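To start, the structure itself, in structure tokens.
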Amino acid sequence: MTSPSNSSGAATAPQTAPTTPRVAGLDGLRAFAVAVVVAFHLTPGALVGGYLGVDVFFVVSGFIITRLLLAERTRTGRIRLGAFWKRRARRLLPALVVLLLACSTLAVVVGGDVLVGLGAQLLTALTFSSNWYFIATGSEYFTESTPELFRNLWSLAVEEQFYLLWPLVLLIVLVRLGRPARIVVLAVATAASALAMALLLDPGSPTSVYYGTGTHAFGLTLGALVAVVTQWWSPRVLEWSRWSRALLGTLGVAALAGLAVLSAVMPGTADWAYRGGLLGVAVLTAVVIVACLVPGSPLARALDVRPLRWVGVRSYGIYLWHWPVFVLLAAALPTWTSDTGLAWALGGVALGITLIAAALSFRFVEQPIRRHGFRSAWRSWAAGWRRSRAAAVASTAGLVLVLGGATGTAVALVIQPATSEVESRIEAGERAAQSPSPTPPPTADPSAPPRPSGPPMQLQGDSITAIGDSVMLAAVPELQEAFPGIGIDAVVSRQMWTAPDILKKLRESGRLRTVVVLALGTNGSVSTDTLEKVRAVIGPERELVVVTAQAPRDWIPTVNERLAAFAWQHRNVELADWHAAIQPHLDELARDQVHFGHAGARIFTASIKEALQRLAALPPLRDELADESLPRPV
């Protein structure tokens with residue numbers, strides 16, 4: 001998420017930059033955007049839709065960049081592409097390089113999972129291709145267990161790809177097309193991008209369309225459209241009636257309020273967010289920008305107060321630093337993430353460090369290079385040794401920090417692990433689930449209806465089919481130890497809506513056993529209709545155990561309530577309350593507060609075992625599930 005200068009370009013590069021009047025209020029709008037993104041990442045559950053701040057930035061960036069290019073074209077009759085890209089490099093690279101060096105070095109100190117994939121992340125960050133790297137590796141933005149240190153740089157990549165191509169396209173549009181045709185082209189491009197996001201969305205896994213350049217470019221193109229339209233009518237605004245200005249100002253306030261509401265109610269896991277929701281965010285942002293362009297706009301004055309301007313002009317650095325700082329702190333203080341109060345405190349500490357780092361970067365790195373260029377800034381820095389003792393000390397300290405960061409980054413690249421601890425355990429679970437059963441297959445057909453029996457006892461694994469996601473995969477060895485012969489079908493990121501079809505195929509192939517364990521609430525919502533379909537597929541002759549979910553995600557409480565209610569309503573359904581069982585032992589969970597190691601897997605298995613024992617106590621009972629050596633449960 002970049003932050004183009006909302007002011008005369010002459011302030012940053014007098015010899016090359018085009019000049020345009022500063023638009024009051026845009027710094028405040030950027031402050032709003034970065035604030036909701038930071039709140040989304042740093043405060044647990046505070047703003048479920050805070051990620052929309054990135055889309056606000058996309059619209060603002062598309063508007064400002066296009067406005068600068070149009071101003072240069074109007075003033076000089078041409079657009080100097082080399083000068084434009086040089087200004088972009090001055091604006092973006094210094095802060096980015098400092099961030100990468102500093103956080104990679106700190107990752108060596110913290111160690112563990114924060115080093116996973118660091119080399120690829122650094123390479124794609126510097127080549128502005130992070131979004132495509134995360135798509136290629138299957139990284140899930142909203143449900144990811146691996147703490148990618150530089151995950152937030154995906155949006156920077158999308159913007160820079162736009163900045164690379166858009167000036168070329170704009171030149172063609174300006175030369176070949178008249179004003180009405182330009183507007184139509186940009187409107188069609190915006191609609192096409194938003195439509196692609198809606199049509200290509202994979203329900204339950206929106207990350208590919210969220211990260212994708214083509215599917216997420218509509219905010220940038222809409223901002224460009226606003227710049228083209230307002231360049232045409234802005235000289236005539238002074239001729240508008242007072243009523244027209246008041247109406248536009250009211251619409252701007254309403255649009256800003258709408259953005260605030262959506263940041264609180266539009267979860268990133270909801271399909272509607274990608275089928276019109278984010279496009280709506282872009283449209284509301286465009287309305288706010290247009291309202292700020294009206295001379296004397298009260299909204300622009302309100303957004304232009306000094307604190308908001310301070311945050312807005314440093315929003316690029318704040319966005320860069322907040323996520324890596326949070327990941328490093330969470331990895332260094334894992335127990336803080338398992339307690340709600342401490343998690344908020346962790347977010348507060350991360351915010352404080354972020355603001356300090358962004359302010360220092362802005363003052364001592366970004367501004368000197370933006371004003372004077374790379375070589376002049378270097379000469380000024382090197383001359384510090386000759387000016388005074390204080391300047392010499394500062395210059396020496398800067399050199400030490402740069403060399404230390406480079407050394408630390410090199411060490412990080414050497415020692416980076418191939419996979420995280422969670423990924424390693426899940427991969428081990430996948431191998432174990434595919435291995436042959438440790439016990440002979442049951443003599444009776446496991447898909448046959450159960451027979452009445454004597455006193456109920458411990459259930460045996462060769463009569464159990466377990467369906468789950470990565471959480472179950474992490475517990476496969478413990479499940480196989482507790483229930484030898486258990487049949488396990490678990491896949492990463494699987495959701496409950498897939499269960500009816502999976503169970504139907506198992507039943508038709510004769511591999512669906514007499515007890516079904518279902519643990520699929522982690523990755524998305526669970527509907528009562530889906531649960532009823534599951535019950536219909538397994539039939540009245542089988543029994544079902546549904547496992548509650550544990551994750552720091554907004555849908556988990558509703559999922560667990562529906563599972564508990566469903567189990568209460570049906571005699572052949574039992575609840576395994578994994579969520580309740582793990583609460584006293586949250587320190588056994590991984591940093592993502594979803595997966596676990598051996599100790600957590602034993603608790604997960606025990607919760608299922610208790611549910612199976614309760615299930616076995618209910619008549620009719622199964623001969624093939626009874627172990628006569630155990631007393632009857634009470």
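Each residue of segment 567-572 in turn: what ³J(HN,Hα) in whole Hz from Karplus with 6.51, -1.76, 1.60 and θ = phi - 60°, glycine and Pro shown as x?
Coupling constants for segment 567-572: 5, 5, 7, 10, 5, 9 Hz.
Spelling out what I want: for every residue of segment 478-487, take phi, set θ = phi - 60°, compute 6.51 cos²θ - 1.76 cosθ + 1.60 (Karplus), and round to whole Hz; glycine and proline get x.
5, 5, 5, 5, 6, 10, x, x, 4, x
Each label point is 7 Å from the Cα along the Cα-to-Cβ direction; what then is the distance between the points at Glu532 and Asp587, in nm?
So the two model labels end up 4.6 nm from each other.
How would you order 182-190, 156-164, 484-492 from highest to lowest mean count of nearby Cβ atoms within 10 Å?
On the way: 182-190: 17.8, 156-164: 22.1, 484-492: 19.4.
Per-residue Cβ counts within 10 Å, averaged per peptide and sorted highest first, yield 156-164, 484-492, 182-190.
Quick one: Karplus J couplings for segment 275-290, per residue in order, coefficients 6.51, -1.76, 1.60, θ = phi - 60°, nearest Hz, x for Gly and Pro?
10, x, x, 5, 5, x, 4, 5, 5, 4, 5, 4, 5, 4, 4, 4
Considering amide H positions built from the backbone, and no H for Pro or chain starts, which residues 5 or more places from Ala490, or on another chain, come under 5 Å of its amide H?
Gly468
What is the Cα radius of gyration of segment 66-135 over 2.2 N^0.38 Å, N being its residue count? Mind dumping the intermediate values first?
On the way: Rg = 17.4 Å, N = 70, 2.2 N^0.38 = 11.1 Å.
Relative to the 2.2 N^0.38 Å estimate, segment 66-135 comes out at 1.58.
Place the peptides 77-89, 345-357 in order of packing, highest mean first, counting for every residue the other Cβ atoms within 10 Å and averaging per peptide.
Details: 77-89: 14.9, 345-357: 17.8.
Top to bottom by mean Cβ count within 10 Å: 345-357, 77-89.
If you take the Cα Rg of segment 512-587 and divide it by 2.2 N^0.38 Å, with N the number of residues, what do you get?
Cα-based Rg divided by the globular estimate yields 1.10.
Can you figure out the FRET efficiency of Ser244 with Trp272, using R₀ = 35 Å and their beta-carbon distance, to the nearest 0.05? Spell out each step's value before the answer.
Values: r = 33 Å, r/R0 = 0.95.
Calculated transfer efficiency: 0.60.
Which cross-chain or sequence-distant (5 or more) residues have an amide H under 5 Å from the amide H of Ala576, H modelled 1.01 Å from N in plane?
Here the answer is Val546, Val547, Thr548, since their amide H atoms fall under 5 Å of that of Ala576.
None of the figures in this text is laboratory data; all of them are computed from the coordinates on show. Everything quoted here is computed from the prediction, not taken from an experiment. Virtual Cβ from ideal backbone geometry, glycine too; neighbours counted across all protein chains shown.
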